[in-house]
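Structure first, commentary second.
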Amino acid sequence: MENTQGTPLNNQLDEQLESLSAQVEAGFENGRARWADWKANIGDSARNVSRSVDDCVHNHTWSSIAIAAALGACLGIMLGRR
């Protein structure tokens, strides 16, 4: 932004505008970094849960089949009554 009049008020406003612009830009950068961290943490958590469920299903195969069948039957009954 170029100062055309050169008055002290304009200079002060230009400095405040530049400062505010830098603060907004820093806020966006901080937000982007936090978003990337959040996505990485969610991805790690999802992988850990997936591994745990997979291990549980492999260790308790028939129990898992019975639970899935019971949930499917309940869901079918509830949707069938609509």
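The values are calculated or read from the model by the stated rules, or taken from the named source; none is laboratory data. This one's a predicted model, so the numbers in the text were calculated from it and none came from an experiment. Positions of Cβ are backbone-derived with ideal geometry, glycine not excepted, and every protein chain shown enters the neighbour counts. To get the accessible areas, we keep the full protein, side chains included, count just its heavy atoms, and leave off ligands, DNA and RNA. Shrake-Rupley method; radii C 1.70, N 1.55, O 1.52, S 1.80 Å.
Dipole magnitude of segment 13-82 about its Cα centre, charges +1 at Lys/Arg Cβ and -1 at Asp/Glu Cβ only, in debye to the nearest 20?
Value, rounded to 20: 880 debye.
Percent of alpha carbon pairs in the chain separated by more than 15 Å?
78
Roll a 1.4 Å probe over the protein chains and send me the accessible area per residue for the chain in Å².
Per-residue accessible area for the chain comes out at 91 Å².
In the neighborhood of residue 75, defined by Cβ-to-Cβ distances under 14 Å, what is the net charge if each Lys or Arg adds +1 and each Asp or Glu adds -1?
Summing Lys/Arg as +1 and Asp/Glu as -1 gives +2.
Please compute the modelled spin-label separation between residue 9 and residue 21, points set 7 Å along Cα→Cβ, answer in nm with one decimal.
Each label point is offset 7 Å from its Cα along the Cβ direction, giving 2.2 nm.
How large a share of the accessible area of the chain, in percent, is made up of carbon and sulfur atoms when the probe is 1.4 Å and the other protein chains stay in place?
Answer for the chain is 59 percent, counting heavy atoms of protein chains only.
Spelling out what I want: for every residue of segment 19-31, take phi, set θ = phi - 60°, compute 6.51 cos²θ - 1.76 cosθ + 1.60 (Karplus), and round to whole Hz; glycine and proline get x.
Taking θ as phi minus 60°, the curve returns 5, 5, 4, 5, 5, 5, 4, 5, x, 5, 4, 4, x Hz for segment 19-31.
For residue 35, what accessible area in Å² do you get when you roll a 1.4 Å probe over the heavy atoms of the protein chains, rounding to the nearest 10?
About 140 Å², ignoring ligands and nucleic acids.
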